[in-house]
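A short write-up of the structure that comes next.
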Amino acid sequence: MSEAALKQSAIRVLPNASGFGAEITGVDLSRPLDAASVEAVKAAWVKHGVVWFPDQPLTHDQLEAFTQQIGPFGYDPFIKPMEGRPHILELRREAGETARNFGAGWHSDWSFQPEPPSATILHSKVTPPVGGDTLYADCFAAYEALSPVMQKMIDGLVAIHSAALPYGTKGLFAHEQAGANDRTMQIIVSPEADKTFPHPLVRSHPVSGRKALYVSPVYTVGIEGMTPEESKAVLGFLYNHMTQEKFVYRHKWRENMLTMWDNRSTLHYADGGYDGHLRVMHRTTVAGDRPR
Ligand code: SIN
């Protein structure tokens, strides 16, 4: 949709002052969108990295239908999906639960896959009265803020990704399951998670062409050709750099809000701080392509 056509339509895109993150109103996600609206939503998502739509009560069918307007479903491993809904994960934490909240580490979803998801879509069903925010980091801006010398140094590097740290046989969830554990979500620990997959450390966005840092402390386990100490030093620097406050947007949820982020240009982190309160979200992913 051209800028002029967007002005004529009911869709309103209200970006944050930084340009990272935008609220979208004037659409009803419970109905099929026309082609121009889908285009406008996708354009805002690519441009702003994370977009949210307040006041969108959706059934499971409607959440699935909206997801498929963005693209085909992605593949979600290691978490048991909702009964009868293979493409919806319920991120549920009960009021009395003491296990660490799911997603509490910076990551880009399923970056260990050969073709990680382009989008993740999260729909809030029950939000706690305190805490439970999601933090997003702008990986375009973080890359662009590096010196030209540093950019040149990291541009050709290949990072190794793996699901081992959370989901592997010696991972965090394996340890959790070996002890007393009150987690509601059913996590599937598997030797599959111990596999590794290489991706460019700096990826070019397939739509905008902008370059973004593509590493995370949850899923990146090293840099090809470097010693563990060298990898740790370079990755440690990058993690500190990309999660600085100036690159981070803190997203506050309200019930029935749908948020969609671009895993190709953002990291996210599920903040806790809501012990004693129920939080329920429904999540889908959209398939992506091989990072380049
Ligand atoms: C995630 O998808 O990593 C969890 C996000 C959240 O629950 O806020």
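Consider Lys125 carefully, then state whether it is basic (Lys, Arg) and under 25 Å from Lys232 (Cα atoms). First the steps, then the outcome.
Values: basic (Lys, Arg): yes; under 25 Å from Lys232 (Cα atoms): no.
So Lys125 does not fit the description; no.
So that you can scan it fast, the table gives a plain yes or no per residue for (1) part of a loop (DSSP other than H, G, I, E, B); (2) open to solvent by less than 40 Å² (accessible area, probe 1.4 Å); (3) closer than 15 Å to Asp262 by Cβ; (4) within 16 Å of the ligand (Cβ to nearest atom):
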| position | (1), (2), (3), (4) |
| --- | --- |
| Ala17 | yes, no, no, no |
| Ile24 | no, yes, yes, no |
| Leu33 | yes, yes, no, no |
| Glu64 | no, yes, no, no |
| Tyr75 | yes, no, no, yes |
| Thr98 | yes, no, no, no |
| Ile121 | no, yes, yes, yes |
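For the stretch 242-258, name all the residues that are closer than 23 Å to Tyr143 by Cβ, within 15 Å of the ligand (Cβ to nearest atom) and assigned to a loop (DSSP other than H, G, I, E, B). If you could, list the steps in order and put the result at the bottom.
Residues of the stretch 242-258 closer than 23 Å to Tyr143 by Cβ: 242-251.
Applying the additional criterion that residues be within 15 Å of the ligand (Cβ to nearest atom) yields 243, 248-251.
Within the stretch 242-258, Thr243 is the sole residue that qualifies.
Would you mind finding the one in Pro217, Pro228, Pro291 that is under 16 Å from the mean Cα position of the chain (by Cα) and farther than 19 Å from Lys42 by Cα? Spell out how you get there, then give the answer.
On the way: Pro228 fails: under 16 Å from the mean Cα position of the chain (by Cα); Pro291 fails: farther than 19 Å from Lys42 by Cα.
The conditions single out Pro217.
In the stretch 259-282, which residues are within 10 Å of the chain's Cα centre (by Cα) and basic (Lys, Arg)?
Hit for the stretch 259-282 is Arg264, nothing else.
Could you tell me whether Gly225 is within 14 Å of the ligand (Cβ to nearest atom), farther than 20 Å from Glu144 by Cβ, outside any helix (DSSP H, G or I) and of a type in the set (Gly, Ala, Ser)? Give the steps one after another, and end with the answer.
On the way: within 14 Å of the ligand (Cβ to nearest atom): no; farther than 20 Å from Glu144 by Cβ: yes; outside any helix (DSSP H, G or I): yes; of a type in the set (Gly, Ala, Ser): yes.
Answer is no for this residue.
Filter the stretch 259-277 down to the residues that are away from the ligand (no atom under 13 Å from the Cβ) and on the phi < 0 side of the Ramachandran plot and list them by number. Show your work before the answer.
Going through the stretch 259-277, the residues away from the ligand (no atom under 13 Å from the Cβ) turn out to be 262, 264-265, 275-277.
Passing the criteria: Asp262, Arg264, Ser265, Asp275, His277.
What residue, among those in the stretch 141-174 that are among the hydrophobic types (A, V, I, L, M, F, W, C) and open to solvent by less than 10 Å² (accessible area, probe 1.4 Å), is farthest from Gly288 (Cα to Cα)? Lay out the reasoning, then the answer.
Residues of the stretch 141-174 among the hydrophobic types (A, V, I, L, M, F, W, C): 141-142, 145-146, 149-150, 153-154, 157-160, 163-165, 172-174.
Retained after the next criterion (residues that are open to solvent by less than 10 Å² (accessible area, probe 1.4 Å)): 142, 154, 159, 163.
Working: Ala142: 22, Ile154: 23, Ala159: 18, Ala163: 18 Å.
Taking the candidates together, the pick is Ile154.
Give the residues of the stretch 141-178 that are within 22 Å of Leu91 (Cβ to Cβ) and assigned to a loop (DSSP other than H, G, I, E, B), sorted by residue number.
Once the filter is applied, which keeps residues that are within 22 Å of Leu91 (Cβ to Cβ) and assigned to a loop (DSSP other than H, G, I, E, B), the stretch 141-178 yields Ala163, Gly168, Gly171.
Any chance the stretch 200-216 includes a residue that's at positive phi and surrounded by fewer than 20 Cβ atoms within 10 Å (Cβ to Cβ)? Give the steps one after another, and end with the answer.
Taking the stretch 200-216 and keeping what is at positive phi, we get 209.
Adding the requirement that they be surrounded by fewer than 20 Cβ atoms within 10 Å (Cβ to Cβ) leaves 209.
There is at least one residue in the stretch 200-216 that is at positive phi and surrounded by fewer than 20 Cβ atoms within 10 Å (Cβ to Cβ).
The values are calculated or read from the model by the stated rules, or taken from the named source; none is laboratory data. Only a predicted model underlies this, so the values are computations on that prediction, with no experimental measurement involved. With ideal geometry, Cβ positions are generated from the backbone for all residues, glycine too; neighbour counts draw on all protein chains shown. The area values use the complete protein model at the heavy-atom level, side chains included, leaving out ligands, DNA and RNA. Shrake-Rupley method; radii C 1.70, N 1.55, O 1.52, S 1.80 Å.
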